[in-house]
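Q: Below: one structure in structure tokens.
The values are calculated or read from the model by the stated rules, or taken from the named source; none is laboratory data. Owing to the predicted nature of the structure, the values given are computational and were not obtained by experimental measurement. Cβ placement follows ideal geometry from the backbone for every residue including glycine, while neighbour counts extend to all protein chains displayed. Accessible surface areas use protein heavy atoms only, side chains included; no ligands, DNA or RNA. Shrake-Rupley method; radii C 1.70, N 1.55, O 1.52, S 1.80 Å.
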Amino acid sequence: MACVDRELGYAGLKSYAWLSDGTPFVVLLFSLADARLEAVIEADKLGQLRTGAASGVAARYLARANARSLGVIGCGWQAASQIASIREALPSIERVVAYCRNAQRLDAFCRDHDCEPAGSHREAAEHEVVVTVTTSKDPVLRGDWLQPGTLVCAVGANDPRRRELDNAVLERAAFVCCDSRDDSRRESGDLIEPVEQGILDWLEVHELQEVVAGDVQGRASDDDLIVFKSNGIAAWDLAAGARVVELARERGAGLEL
């Protein structure tokens with residue numbers, strides 16, 4: 001996963017090995033100013049943080065004003081940064097509810113992240129912001145569970161054969177955006193199948209950067225149901241890596257070679 005950010009002054013890439021016992025990630029940053037390798041960053045934690053941060057940006061720009069409740073379907077490693085980032089982006093959040101199928105894991109997750117356990121997928125879905133962050137192959141969120149005005153951040157399914165959202169979610173959505181339309185056309189079953197079935201058109205799918213830049217309006221009313229489909233792009237890894245380098249230099253951390 002490679003990209004260039006001239007404003008930050010880096011070219012960079014994230015590379016990894018897909019192994020049965022784990023998937024180690026590393027980010028490399030190259031200085032555009034003097035064409036040297038600037039940093040090598042172990043990126044498992046970095047990936048967790050940048051994925052959560054993307055949902056935080058989406059929440060800041062697309063959630064209804066003064067949203068007070070967050071529901072999370074999934075209680076794995078990625079779910080933790082989703083909660084932390086959305087709380088940071090939306091200080092108005094007062095209540096966080098989480099659900100996963102393993103009751104013991106759910107209880108431990110809720111203790112660790114100061115949230116309430118939900119009794120079902122549906123109970124976790126009845127909130128102003130809803131995050132799906134699972135490894136499920138089949139939809140875990142139904143459109144008829146959602147309240148008017150909900151922001152849905154779909155984070156878990158990065159495969160054309162996997163879906164977290166059913167068709168009704170996309171049918172009800174007033175605005176749909178993603179991180180990259182090109183990547184979504186290849187990777188996002190949550191969007192690919194609805195497009196193939198005529199429920200959605202790629203012309204209706206915008207990119208989050210267009211909303212942040214003010215090029216398109218995301219939420220038009222408090223009752224709009226909004227979908228942000230997150231796949232993860234190299235630009236996020238580069239931006240997070242650039243910040244890590246900045247902090248490491250400020251604090252004297254890391255190893256200079």
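Q: When the helices in the chain are scored as -39500 (n - 2.57) per DSSP H run of 4 or longer and the sum is shared across all residues, what 222 nm value do you end up with, to the nearest 500 deg cm²/dmol?
A: On the way: 9 runs with 92 residues, N = 257.
That calculation yields -10500 deg cm²/dmol at 222 nm.
Q: Now for a separate question. How much length is gained if the chain between Gln217 and Ala65 is pulled fully straight, taking 0.36 nm per residue apart and subtracting their Cα-Cα distance, in nm to one decimal?
A: 53.2 nm
Q: Just read off the accessible area of Lys14 with the full protein assembly in place, 1.4 Å probe, to the nearest 10 Å².
A: 20
Q: Where the accessible area of the chain is counted over protein heavy atoms with a 1.4 Å probe, how much of it, in %, is carbon and sulfur?
A: Ligands and nucleic acids excluded, carbon and sulfur reach 47 percent.
Q: Loop only per DSSP, at most 13 neighbouring Cβ atoms within 10 Å: give me the GluC sites (Glu not before Pro) in the range 180-257, ordered by residue number.
A: On the way: sites: Glu187, Glu196, Glu204, Glu207, Glu210, Glu246, Glu250, Glu256; in loops: Glu256.
Qualifying residues, ordered by number: Glu256.
Q: What relative contact order, as a whole-number percentage, does the range 183-257 give when Cα pairs under 8 Å and 6 or more residues apart are counted?
A: In percent, rounded to a whole number, it is 23.
Q: While we're here: Measuring from centroid to centroid over Cα atoms, what is the spacing of the range 172-217 and the range 16-58 in Å?
A: Using only Cα atoms to place each centre, the spacing works out to 25 Å.
Q: Quick one: dipole size for the chain, taken about the Cα centre, charges +1 on Lys/Arg Cβ and -1 on Asp/Glu Cβ, in debye to the nearest 20.
A: The calculation lands at about 420 debye.
Q: Using a basic spin-label model with each label point 7 Å from the Cα along Cα→Cβ, how many nm lie between Arg6 and Leu247?
A: Computed distance between label sites Arg6 and Leu247 equals 2.9 nm.
Q: In whole Å, how far is the Cα centre of the range 69-98 from that of the range 225-257?
A: Here the two parts' Cα centres lie 20 Å apart.
Q: Find the accessible area per residue for the chain; the probe is 1.4 Å, ligands and nucleic acids are left out, and the unit is Å².
A: That works out to 51 Å² per residue.
Q: Within a Cβ distance under 13 Å of Asp183, other residues only, what is the Lys/Arg minus Asp/Glu net charge?
A: Neighbour charge sum, excluding Asp183 itself: -2.
Q: Rounded, prolate or oblate: pick one for the range 122-236, where a ≥ b ≥ c are the square roots of the eigenvalues of its C-alpha gyration tensor, a/c under 1.5 means rounded, and failing that, prolate if a/b is larger than b/c, else oblate.
A: Details: a/c = 1.39, a/b = 1.04, b/c = 1.35.
Rounded shape, in that the Cα axes give a/c under 1.5.
Q: Skipping prolines and chain starts, which residues have an amide H placed within reach, meaning under 5 Å, of the one on Glu207, given they are 5 or more residues away or on another chain?
A: Sorted by chain and number, the residues that satisfy this are Cys178.
Q: State the label only: which of (1) 7, 30, 35, 21, 6, 0; (2) 7, 27, 29, 17, 8, 4, 3, 2, 2, 1, 1, 0; (3) 7, 24, 27, 22, 13, 5, 1, 0 corresponds to P(r) over Cα pairs in 10 Å bins from 0, in percent computed from the shown model?
A: (1)
Q: Also, I was wondering about something else. Just want to confirm a number: the relative contact order over the chain, from Cα pairs under 8 angstrom separated by 6+ residues, in percent. Mind showing how you got there, number by number?
A: Values: 544 pairs, mean separation 49.3, N = 257.
Contact order relative to length: 19 percent.
Q: Another question, if that's okay. Please calculate the 1.4 Å probe accessible area of His113, with all protein chains present, and give it to the nearest 10 Å².
A: 50
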